[in-house]
1. Ranked by Cβ crowding within 10 angstrom, fewest neighbours first, how are B:164, A:139 ordered?
2. State the Cα centre-to-centre distance between segment B:141-168 and segment A:88-135 in whole Å.
3. At what distance in nm do the modelled label points of residue B:8 and residue A:297 sit from each other, each positioned 7 Å from its Cα along Cα→Cβ?
4. Roughly how compact is segment B:2-142, stated as its Cα Rg over 2.2 N^0.38 Å to two decimals?
5. Among A:335, A:347, A:325, which residue has its Cα positioned farthest towards the positive end of the charge dipole of segment A:300-380, with +1 placed on the Cβ of Lys and Arg, -1 on the Cβ of Asp and Glu, and the dipole taken about the Cα centre?
6. Please find, in a Gaussian network model of chain A (springs between Cα atoms separated by less than 10 Å), the residue of A:341, A:191, A:270 whose mean-square fluctuation is greatest.
7. How charged is the neighbourhood of residue A:175? Take every other residue with its Cβ under 15 Å from the Cβ of residue A:175, and add Lys/Arg as +1 and Asp/Glu as -1.
8. Using the 10 angstrom Cβ neighbour count as an exposure proxy, how do A:151, A:17, A:177 rank, fewest first?
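Throughout, read-outs are computed from the coordinates displayed, never taken from laboratory work. The shown structure was predicted, so the numbers you read here are calculated from the model rather than taken from an experiment. For neighbour counting, all protein chains shown are included, and Cβ atoms are generated from backbone atoms with ideal geometry for every residue, glycine included.
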Amino acid sequence: MRAENYESISHPPSNEFELNFGPNHPGIEGNYAFRVKVNGDQVLEAKADAGYLHRGFEKLMEGRLWIQNLALVPRICVPDPVPMEVCYSQAVEDLCGLQAPERAQWLRVMQLEMSRIAAHLFAFGGHAATTGMYTPSFWGVADRDLMLDRFEELTGGRVYSIYNIPGGVRRDVPDGFLDRLASLLDYLESRLADYDNLFFRNQVFIRRARDIGVLTQAKALKWGVTGPNLRATGLAFDVRRDDPYLVYDQIEFDVVTEEGGDCLARNLVRRGELQQSIRILRQVTARLPDIEGPVRAPIPNPLAWNVPAGETYTRVESSKGELAYYVVSTGGDKPYRVHVRGPSSMHAVQVLEKLAIGARLEDIAQIMFSLDACPPEVDR
Amino acid sequence: MNSEIEPRLDKLLAGMDDVRVKLIRPRRIRIDVPSESLPTLLELLQGKASYVHLSAISCVDWIDNGEFELVYHVWSYESQSLVSAHTRIPRDPGVYLSIYDLYQPAAFFERDIHEMYGVFFEGSPDMEKFILTEWDGPPPMRKEFNSEEFVNQNFTWEEYRPEWLEEIEAEGGGIVKPASHARR
């Protein structure tokens with residue numbers, strides 16, 4: 001019900017009530033809940049409530065071998081698992097003084113960008129559904145599936161590929177893979193016009209998303225916002241460009257920004273990034289055949305691998321923002337401490353709580369999906 | 001530009017005798033600082049050196065030394081470098097100051113560390129339970145907490161014998177348990 005249609009009946013002292021939004025709710029991403037206090041349909045107070053999928057990843061990792069953790073880390077973010085593997089592998093390489101061979105670095109970039117495309121298709125598909133438009137979400141999931149086919153061909157796994165290992169990647173690309181990837185990129189690019197007509201330039205969406213969940217640049221910086229959500233406020237910061245890892249410094253791409261800082265701007269940034277990821281992947285498919293060499297550096301027996309003592313902080317740009325791993329080793333065969341800094345630990349808690357205040361109940365789902373929050377990054 | 005960061009930070013922190021600045025690799029700086037000087041250090045880094053983004057606060061339990069190590073990772077969008085400020089506090093009583101006034105994202109990390117390690121941050125806006133709402137045991141990320149021991153004490157193991165497993169075992173296969181992992 002809209003606020004202007006609401007006629008209060010006599011139920012003093014107020015017409016405020018509390019509502020549990022989730023943990024089972026189509027407007028919530030993953031197993032997560034939001035407790036809101038509303039007056040009519042306007043949100044007065046909001047409190048994030050996590051812990052519904054707590055598996056204790058960080059504790060589990062302390063009890064497993066360095067190599068075993070590779071099967072665990074991608075599960076921290078289902079829609080975009082690859083940055084987790086890469087970030088963890090980089091941390092272990094850092095501690096061991098290992099360097100992934102050049103070809104492996106290009107393969108990692110390829111896999112990261114494939115994952116980013118898949119995650120963005122999922123993200124704006126999900127966002128569309130929160131505004132009552134279901135076709136873009138079906139299209140998004142269907143097109144993401146084509147990318148998952150390529151993942152399956154490359155790694156054997158559709159969602160969790162576990163393709164990276166410290167020192168490089170598990171194997172090289174299969175014959176003809178790059179051609180099939182290139183034709184998929186052509187197809188996805190041709191689809192953008194359809195997505196524009198259906199979603200990004202659709203007035204139903206634009207009027208629904210504009211000026212909702214507005215985040216100014218000053219607030220974004222103060223609240224620790226990163227990734228597409230930060231770029232939607234006009235700040236061109238991208239870990240790939242400003243704190244480069246792998247071979248991103250040899251690749252041309254633009255850091256997409258928007259000015260609005262609202263739900264609309266955040267989606268448009270993701271749309272732009274989808275195009276940029278296609279551009280990056282084209283460079284990878286063009287360069288990869290000329291780069292020869294192994295796809296992984298020699299590593300010790302992984303079942304008896306004592307990683308030298310030390311600590312490191314590695315960062316990558318995931319589809320949701322800044323992802324970082326703080327890893328401490330005491331020279332044993334298991335990590336002493338792994339701390340995962342997921343971008344959603346900011347977006348899904350403090351930022352969402354603050355943006356929800358004053359919003360209408362029907363927009364909470366939209367705000368959450370526009371922030372592209374991933375609850376397991378909170379419940380590590 | 002990066003090679004200049006270390007001398008610049010040395011100059012900025014010249015008045016603080018008890019900090020040690022070390023360039024680990026390009027764009028990564030480690031600073032070791034005693035716990036009483038950390039808030040001053042962060043204030044200087046934020047106010048005078050543009051380290052405005054708190055990337056994370058990590059806690060490490062050094063149980064053998066009776067200490068918690070707190071690591072504050074701050075990033076500067078201007079000089080494009082990351083400072084990790086390391087400090088140590090005694091494990092007992094495990095109380096420290098909140099830096100929420102300087103960095104708002106600290107609220108999440110401090111609440112998380114409080115819940116998982118039992119470190120209380122004075123001045124933090126919310127120290128309520130967040131993830132482990134129905135948990136009344138010890139803070140589980142502490143090294144003395146052993147998950148497997150806890151499970152063995154509080155739950156009973158059930159035999160898992162589906163039909164398909166029996167079929168496989170009849171053919172000589174099945175779940176292989178290394179001796180070191182045998183539970184009973």
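1. The fewest-first ordering by Cβ neighbours comes to B:164, A:139.
2. A separation of 34 Å, based on Cα centres.
3. Distance between label points: 3.0 nm.
4. Numbers: Rg = 15.5 Å, N = 141, 2.2 N^0.38 = 14.4 Å.
Here the Cα radius of gyration is 1.07 times the empirical estimate.
5. A:335
6. A:191
7. Taking every Cβ under 15 Å from that of residue A:175, the sum is 0.
8. Exposure proxy ranking, most exposed first: A:17, A:177, A:151.
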